[in-house]
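The values are calculated or read from the model by the stated rules, or taken from the named source; none is laboratory data. Bear in mind the structure is a predicted one, so any value in this text is a computation, not a measurement. Reconstructed Cβ throughout: ideal geometry from the backbone, glycine too, with neighbour counts over all protein chains shown.
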Amino acid sequence: MTHTKEVKNFIAGKFVRNGQASMDVLSPLDGTIISTLPLSGAKELEEAVLAAEEAYISWSQLTLKDRVQIFFKYRQLLEANMDELSKLVQLENGKTYSEAKAEVMKSMELCEFAVSMPQIVTNEIQEVSRGVECRIERKPLGVVACITPFNFPNMVPHWTVPNALVLGNTVILKPSELVPLSAIRMAELLQEAGLPDGVLNIVNGGKEIVEAICDHPRIKATSFVGSTHVAKIVYKRASSNLQRCVALGGAKNHLLVLPDANPEMTANNVVASMAGCAGQRCMAASVMVGVDKVQHIIDKMVDEANAIVPGDNLGSVISKEAKERIERYISEAEAQGAKILVDGRNHIVEGKENGFYVGPTIIDHVKPDMAVAKEEIFGPVISIIRAKDLDEAIKIENSSNYGNAAAVFTQSGSLAKRVMEKASAGMIGVNIGVPVPREPFSFGGWNESKFGVGDITGKSSIEFWTQNKKTTTKWNAEDKRDWMS
């Protein structure tokens with residue numbers, strides 16, 4: 001495995017090694033050390049905030065159209081460096097190359113939305129009385145922070161950074177300490193595209209730097225994407241320090257499969273949703289609720305899963321700890337009486353014996369109170385719960401604490417509509433295993449999958465990353481027709 005250079009913080013346009021300690025960064029593909037990472041804290045964050053505050057003065061004064069020009073160039077650089085960026089994602093995250101490339105292509109799409117902002121963010125003007133005009137303008141917040149997870153090291157920073165920057169903020173990005181390399185390359189390419197020094201700053205580290213971001217009195221807003229446990233902590237801590245905050249957490253997505261569903265399409269979609277990106281995505285299928293007679297579809301799912309080969313068309317999970325946790329869930333379900341139809345435990349990939357691989361796993365006859373049915377596993381594992389009818393299936397879906405996604409597979413429009421109306425989730429799919437909305441529609445779940453108001457992506461993100469300035473003007477002093485005179 002090729003070693004990369006040491007990771008450094010990116011502050012005021014320069015890469016600096018100012019952390020007090022460091023940790024190794026491993027590639028989950030084969031367990032080798034690929035870099036080292038500084039463990040930053042409050043001191044390093046203050047340097048980044050000062051740089052962002054200084055850059056904000058001139059950056060926020062540029063017109064929206066001037067700011068998006070940089071992202072036109074940057075989007076071209078993403079395309080020109082597609083192969084390198086895809087291999088970097090694969091190296092540090094463990095995805096297959098095709099999955100990593102799809103991630104970078106999504107980042108390009110996110111940039112395309114950001115550069116459309118001048119056509120979307122328009123001021124409101126109205127003559128509210130004779131000679132009296134009211135105007136609303138969108139203004140940036142100031143210095144904002146984005147805390148991103150390990151599962152999409154290239155894409156998730158592009159959920160937030162382009163929108164926040166083109167709207168006039170300056171950004172402090174804290175990538176997951178498990179996958180820092182893509183974020184550093186992002187900074188290099190943005191600098192090449194002409195982004196002024198200090199507009200984007202990157203601080204690396206773990207818990208200490210996250211706490212410092214939440215506590216900083218001059219950071220105006222923080223976005224977070226990660227586990228529900230940490231999302232709750234970040235939301236409570238940041239908002240208690242008077243920051244605007246949206247924190248996206250985990251998921252336990254239910255796919256409701258009805259007997260009339262197209263067997264081939266359903267089996268393919270459900271398994272792809274479960275195993276894509278090794279199940280390490282908050283939109284992955286985690287529970288299939290089989291309604292009445294669906295054994296013929298489950299049989300096809302088993303065939304689909306058996307065609308997936310770890311190290312070939314299935315990537316690794318992120319760490320040894322993740323592999324061990326996922327396999328504990330499988331073993332516990334088996335001990336509780338569930339039936340393992342496809343077993344992904346103890347997989348070793350030849351030539352990558354120290355990699356972190358879990359094979360596709362299908363667990364049948366799971367009870368709703370089992371841990372595999374309730375808790376986020378974040379691996380290529382799907383639990384099958386049997387339901388006698390659609391009402392029972394919807395009740396099972398509604399009982400989840402999470403609410404990112406739910407989907408139904410059926411050829412009946414009326415039954416699909418019932419699920420669309422009654423499922424307790426922010427993103428619904430009909431015959432779609434991963435119902436991720438495309439731009440300009442925003443990403444966002446319900447219940448314990450999201451904390452805070454609004455969204456950090458898509459059109460809804462404009463509200464989060466800006467504030468309104470209202471101006472009322474009157475120039476005809478002689479006209480005194482109403483109370484506004």
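Pick from Ile340, Ile377: which is in contact with a helix residue (DSSP H, G or I) (Cβ under 6 Å, 6 or more places away or on another chain) and more than 19 Å from Lys252 (Cα to Cα)? The match here is Ile340. When Val291 is tested against the conditions (1) within 30 Å of Glu392 (Cα to Cα); (2) over 29 Å from the mean Cα position of the chain (by Cα); (3) without any contact (Cβ under 8 Å) to a residue 60 or more places away in the chain, the lone failure is (3). Considering each residue of the range 292-309 in turn, none proves to be buried (at least 23 other Cβ atoms within 10 Å of the Cβ), assigned by TED's automatic domain parsing to the domain that holds His347, within 30 Å of Glu92 (Cβ to Cβ) and β-branched (Val, Ile, Thr).
Take the conditions (1) under 24 Å from the mean Cα position of the chain (by Cα); (2) exposed (fewer than 15 other Cβ atoms within 10 Å of the Cβ); (3) touching a residue at least 24 places away in the same chain (Cβ under 8 Å); Glu321 misses just one of them, which is (3).
Here's a check for you: in the range 221-263, which residue that is surrounded by 19 or more Cβ atoms within 10 Å (Cβ to Cβ) and polar (S, T, N, Q) is nearest to Val408 (Cα to Cα)? Filtering the range 221-263 for residues that are surrounded by 19 or more Cβ atoms within 10 Å (Cβ to Cβ) and polar (S, T, N, Q), the one nearest to Val408 (Cα to Cα) comes out as Asn253. Answer yes or no as to whether Arg244 is under 30 Å from Asp30 (Cβ atoms) and either in contact with a Ser or Thr (Cβ under 8 Å, 6 or more places away or on another chain) or not polar (S, T, N, Q) (or both). No, not satisfied. Cβ separations smaller than 8 Å between residues 6+ apart or across chains give the following pairs from the range 96-112 residues that are more than 12 Å from Phe152 (Cβ to Cβ) to residues that are surrounded by 17 or more Cβ atoms within 10 Å (Cβ to Cβ) and among the hydroxyl-bearing types (Ser, Thr, Tyr): Tyr97/Ser86; Lys101/Ser86; Cys111/Tyr74. Among the residues of the range 268-283 satisfying the criterion of being out of contact with any Pro (no Cβ under 8 Å at 6 or more places or on another chain) and more than 16 Å from Ala307 (Cβ to Cβ), which is surrounded by the most Cβ atoms within 10 Å (Cβ to Cβ)? Within the range 268-283, the match that is surrounded by the most Cβ atoms within 10 Å (Cβ to Cβ) is Cys282. Taken over the range 96-125, the criterion of being touching an Asp or Glu at 6+ places or on another chain (Cβ under 7 Å) and either surrounded by 14 or more Cβ atoms within 10 Å (Cβ to Cβ) or of a type outside the set (A, V, I, L, M) (or both) is satisfied by Met108, Glu109, Leu110, Phe113, Asn123. The set of residues in the range 324-350 being touching a residue at least 12 places away in the same chain (Cβ under 8 Å) and part of a loop (DSSP other than H, G, I, E, B) consists of Gln336, Gly337, Ala338, Asp343, Gly344, Arg345, Asn346, His347, Glu350.
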